[in-house]
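Visitor: What follows is a structure written as structure tokens; I'll ask about it next.
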Amino acid sequence: MDNRTTIERKSERELVVTRTFNGPARIVFEAWTRSDLFKLWWVPKSLGMNLRSCELDVRVGGGYRLEFGHDAGSTMAFFGKYIEVTPASRLVWTNDESEDGPVTTVTFQEKDGQTLVVLHELYPSKEALDASAGAADGLPEQFEQLDALLVTLGERA
């Protein structure tokens with residue numbers, strides 16, 4: 001199976017990232033919604049940073065806060081609210097760390113024990129998407145890390 005991550009700019013304001021994972025949608029969804037699992041794959045290892053804090057309250061109206069950094073003195077925070085949560089199927093959240101943050105939608109479509117994940121980001125303007133250029137560059141590595149985690153989760157399922 002070709003697990004290649006594709007990243008496409010669909011319009012002036014939209015970025016779409018897709019990848020098929022080996023694993024059922026419920027397990028892939030758990031890896032996106034349980035902080036103990038999320039922190040194992042979300043930060044690309046090549047960056048040399050740690051996910052210093054990971055708070056996920058995955059419910060409509062719930063929030064998330066992620067803090068990254070090389071050390072305690074150099075952290076960046078990403079945070080927002082969940083506006084849609086459909087277990088094993090769909091997540092939608094805001095990115096509130098900036099007024100230029102996108103609304104992110106992630107869908108999970110299972111077929112024959114594999115899950116197609118489509119991550120869609122809608123930015124408030126062309127300029128906001130242009131300014132974030134490169135932000136998705138780490139996703140192929142992150143998704144490889146998720147693939148590796150799913151192997152271990154599948155063994156426990």
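The values are calculated or read from the model by the stated rules, or taken from the named source; none is laboratory data. From a predicted model like this one, the values you see are computed outputs, not experimental measurements. Glycine also receives a Cβ, built like all others from the backbone with ideal geometry; neighbour counts cover every protein chain displayed.
Visitor: Looking for something in contact with a Leu (Cβ under 9 Å, 6 or more places away or on another chain) and either at pLDDT 95 or above or small (Gly, Ala, Ser) (or both) - is there at least one such residue anywhere in the range 83-93?
Guide: So far as the range 83-93 goes, yes, one or more of its residues are in contact with a Leu (Cβ under 9 Å, 6 or more places away or on another chain) and either at pLDDT 95 or above or small (Gly, Ala, Ser) (or both).
Visitor: Between a first residue in the range 118-136 that is without any contact (Cβ under 8 Å) to a residue 12 or more places away in the chain and a second residue that is of a type in the set (A, V, I, L, M, F, W, C) and outside any helix (DSSP H, G or I), which pairs have beta carbons less than 9 Å apart while being 6 or more apart in sequence or on different chains?
Guide: Every condition considered, the pairs that remain are ALA135/LEU15.
Visitor: Looking only at residues that are in a strand (DSSP E or B) and not basic (Lys, Arg) in the range 15-26, which one is farthest from the chain's Cα centre (by Cα)?
Guide: That would be ASN22.
Visitor: Could you check, for the range 106-120, whether at least one of its residues is over 16 Å from THR18 (Cβ atoms), at pLDDT 95 or above, touching a helix residue (DSSP H, G or I) at 6+ places or on another chain (Cβ under 9 Å) and not aliphatic (A, V, I, L, M)?
Guide: no
Visitor: Here is a follow-up. Examine the range 90-103 for a residue that is surrounded by 14 or more Cβ atoms within 10 Å (Cβ to Cβ) and more than 25 Å from VAL60 (Cα to Cα), and state whether such a residue exists.
Guide: no
Visitor: Same structure again: Which condition does PHE29 not pass, out of (1) outside any strand (DSSP E or B); (2) surrounded by fewer than 15 Cβ atoms within 10 Å (Cβ to Cβ), if it passes all the others?
Guide: Going through (1) outside any strand (DSSP E or B); (2) surrounded by fewer than 15 Cβ atoms within 10 Å (Cβ to Cβ) one by one, PHE29 breaks only (2).
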